[in-house]
1. Kindly give the semi-axes, whole Å and largest first, of the ellipsoid equivalent to chain B, taking each as the square root of 5 times a Cα gyration tensor eigenvalue.
2. How big is the antiparallel share of DSSP beta bridges in chain A, given as a percent to the nearest 5?
3. Please report, in debye to the nearest 20, how large the charge dipole of chain B is about its Cα centre when each Lys and Arg carries +1 at its beta carbon and each Asp and Glu carries -1 there.
4. What is the set of long-range amide H partners of B:Val4 at a cut-off below 5 Å, with H atoms built 1.01 Å from backbone N?
5. If you put +1 on each Lys and Arg Cβ and -1 on each Asp and Glu Cβ, how big is the dipole of segment B:385-526 around its Cα centre, in Debye rounded to 20?
6. Once each part is reduced to its C-alpha centroid, what is the distance from segment B:481-538 to segment B:299-360 in angstrom?
7. Taking +1 at the Cβ of each Lys and Arg and -1 at the Cβ of each Asp and Glu, which of B:Thr413, B:Gln446, B:Gly399 sits farthest along the dipole of segment B:385-451 towards its positive end, judged by Cα position relative to the Cα centre?
8. Mind running the shape call on segment A:113-189? Use the C-alpha gyration tensor, a ≥ b ≥ c as the square roots of the eigenvalues: rounded below 1.5 for a/c, prolate if a/b tops b/c, oblate otherwise.
Amino acid sequence: MKIFATYNIKGGVGKTATAVNLSYLAAREGYRVLLWDLDAQAAATFLFRVRPRVKGGGKGLIRGTRSVDDAIKATDFDRLDLLPSDFTYRNLDLVLDAAKKPGRRLGSLLAPLRAEYDVVFLDCPPGISLLSESVLQAADTLLVPLIPTTLSVRTLDQLTEFVAGMNGHRPAILAFFSMIDRRKRLHKEISEQLPAQRADVAATAIPSLSMIERMSVERAPVTAFAPRSAAARRYAELWAEARERSGLPEPKPDDAW
Amino acid sequence: MQNVLRQFVLNGEDASLPDQVLKLPGSAFAVSEPSRSVTLRRLWLDTFDWRLYRSGLTLEQVSRGGSADLVLTGRDGQVIAADHPVPPPAGGRKDGARRSRPAWPGLLDTLPLGPLRDHLGPVVGVRALLPVARAVSVVREIRVLNSDDKTIARVTADRMSVTHPEAASVPPRLAVSALRGYQAQALRVADLLAAEPGVAEAGQSGLEAVLAAAGRRPGDYTGKVDVRLAPRMPASVAMVTVLTALFDTLLANVNGTVRDIDTEFLHDLRVAVRRTRSALKLAGDVLPGDMAARFRPEFKWLGDLTTPTRDLDVYLLGYADMAAGLVAATAEELQPFHDHLVRSRALAQRDLARGLRSARFSRLGREWRQALASVGAAGGGPRPAARHTVARLAASRIGRAHRRVIRDGSAITATSPPESLHELRKRCKELRYLLEFFGSLYDPGQHWQAVRELKALQDCLGEFQDTQVQHEEIQVFAAQMMEQRAAPAATLLAMGEIAAGLAVRQQKARSEFAGRFRDFASPAGQNRIRALTGAAAA
C-alpha cells in the first residue's frame, strides 16, 4: 500500500482537485483506492456526493473508539472508496495532542487497511499543525501543488528542509505547478524553468481551467465526467509521473485473459 | 464484484416485468436508467463429491468478453475470495506469454497462489474441480440513488438460460447489492422490491436454481453407502438395494478413473468393489441360486485390476511428507524415486484404463445389472436366510462378524506374526461394511458410536499394514530402478531412510494395537453392538 498526501501550507492551491482526480485515475487503472478527506471543509467529500459525517467524529477515529473500517463509504466509482470528512475534523489537532505518539497516529490507523487497498490518498487541510506532521509521517509521497510565484517556491524549500530534518521515515516530495495562468508572464517563466532545475518538481503542470472548477457543479472528478478534456489529460500525466516516482507496482490486471 | 444483500425471483408471466420492477415504482428513491444488457457466461465448479456445496461455498467462473473472474461466495452470498486465474507458466514459458484460461476439470494447482487457492485448499483437498453447471446470463443493472444523486445500491436483473447439464430456463432473478457504507438504505430498497407483485424471495442460490431447472440436485453424489432400509424389508430385497447402490457408485466413478481426473475416483471405485465383494461374501446367501458365487471372481478381478495404480497413488500422495521428513538425505536425492513412481503410475494407469474399457468389464456390468434386476422378480434364494427380514439378517451377520473380530483380536499377542494383524484388519473391514450397509436401520447416535470405536482400531491396523506393504514395495522399486539404471547411490540411500521411517511407523502402530483393541473389545463396546442390532431385530 502506497500513501500519497496532497499537502500545502496554503489553501486554494488545488490540493483537493488533485487528490480527487488522481484517486479516480488510480482506481480506473485497477488499483484499490481509499481517499481520506482530512479537511473539515469537506470539499472532496462533497465532490463524491457523500455526506460529511463520521459516526463518533474525528475524535472517535483518532482515539480508536470507532473503527476506520465502519466509516468508509463506497463512491460511485469501482474500487474507489472514501473516508469522509466531518466537521469535527477542525479539532483534530486537539485530539491528536491528547493521543500517544500523535505523529504516528494516522499511519497506525491506516495500517490495518493494507490488505484492502493498494493506494491511499490523504487530502490535507492547509496549515502546519500536528495533523500535518502526522500526515508527513504516514505518507510515502507528498504531492505539493504550487502556484508559480516566488513565495510559493520559498514555501517548498521550507517544506523540503523540514522533511530533511525529520527523524526516521521521510516522505518523498513531488511538487507540481497548479492553477497556472498562461497569461501571466511570471507563472509561465517559473513553471517552465523550475522543473528543469529541480528534481522534486514534476514536469507536468496543471493549468487553471474552468473545466476543473466545473467539478463542483458536476460533483465528480473532471477525469470522470470529461475524460478527454485538457484538464483530465494533465491529471493523467501527473498521475503517471507520481505513480512512477513512487515505485507503485502495476495493478492486478482486470482482463487477465 | 459485488456483495449481494438479497436475491429475488420474478414469477410473473409478463416478459417486461424485470423492466417494470427496475423502475422501483412508488419508492422515494430515484433510479438510474437501466444499463445496457451485458451477456455473461457462468460456470459453476465443484468437486465430484460436492465438497464446496456441502461446506456452504459456491465457486463460480464469470466470463464477459475475453475476461473472466473466479469468485468464491459463502452461504449468505458474501464474496470470500476472488481471482483472475492465470495458470502458472509451463516449462520454458516466459512472463508476458499469452495467458490462457485454466481448463476444467483441473486440480487446485491450476490456480495461481493467492487467497482464493488458500480458501479452497482445505475444502477441496486432492479432488479436482469440475464444471457442475453452465449458464448464459443477460444482465441489466440500475443504480439506486439518494437525494444527493449518490448511488447507494445496485439492482441487477439476470435472465439466465442453463446450457449444462441440460438446456433449461430459469425464472429471471433480481439481486440487490449495497455499496459500502450504505447497507441500511440498500436493505430498504430490498424491502421495497419484496413488496412488488410478481417478486418473491429467492429460496435457492443461483446454482441451486440452475441445477433444479436441469433436473439435478446438488450433493447428489456421495461415496458413502446411501440407502434407506426398512427393518421388515425382506433380506434379499435389502441386499439388492445395497448392491444396486454400490454398483451405481462404482459406475459413477469409472469415467473419472479412466480420464484420471483425480485420485479419489479410483479410491471410491475400489471401495465400492470391496464393499460389493464383502456383501457377496457375508450375505450373498440371500441371493438366488449361484448369483454370489458367479460374480465373486469377477469382482475380485476388478479389485485386483485397480490395486497397482492405487498403491502408487498412495505413495505419491504421501510423497511430499516423506520427502520433508528426511533427516540424513535430501529431497533432491530422493527425486529419481519420485520420477520412477510417476513413470510406474503412468503404466499402471494405462493398464487400468484398458481394463475398464475392456469387454470383460462391460460384460460384468451388463450381467450384474441384469442379475440384480432379476432378484426383485424372482424373490430371494431357497435358503432360510433369504426369507428373513433385513433387521434379522443384519443382527445375525453383524453379530457373527463382531464375534470373529473379538475372537481373532483376543488371540493376538506380542509374538503373533504380522499376518494375524492383516487378517484381523480384513475382519474389521467386513464388520465395518456390514455396519454401513445396515446403518439406516439403527439409531444414528448409537451407530456413530459403534463405528467410531471400530474406526480407531481400523486406523491402527491400517497404519500397520500400509507401512508394511510400502516397506516391501520400496524394496521392489529399488530393485526395478537398479535394473533400469535409474538409481544413483544417493537415491538408494534416501530410499533406505524412507524404508527405515516406514519400519518405525509400523512398530509404533504395532505397539498401539493392544490398547486400541482393548478399547474396542471392552464389555461396554460389545454391549453397544448387541444393543444396536438387537433393538432393530426385535
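No value in this document is a laboratory result; all are computed from the given coordinates. As the structure is a prediction and not an experimental result, all values here were calculated from the model. Methodologically, a virtual Cβ is constructed for each residue, glycine included, from the backbone with ideal geometry; neighbour enumeration extends over all protein chains shown.
1. One finds semi-axes of 50, 33, 22 Å for chain B.
2. 5 percent
3. 1560 debye
4. Under 5 Å from the amide H of B:Val4 lie the amide H atoms of B:Val79, each far enough along the sequence or on another chain.
5. 740 debye
6. Segment B:481-538 and segment B:299-360 have Cα centres separated by 20 Å.
7. Toward the positive end, the furthest listed residue is B:Gly399.
8. prolate
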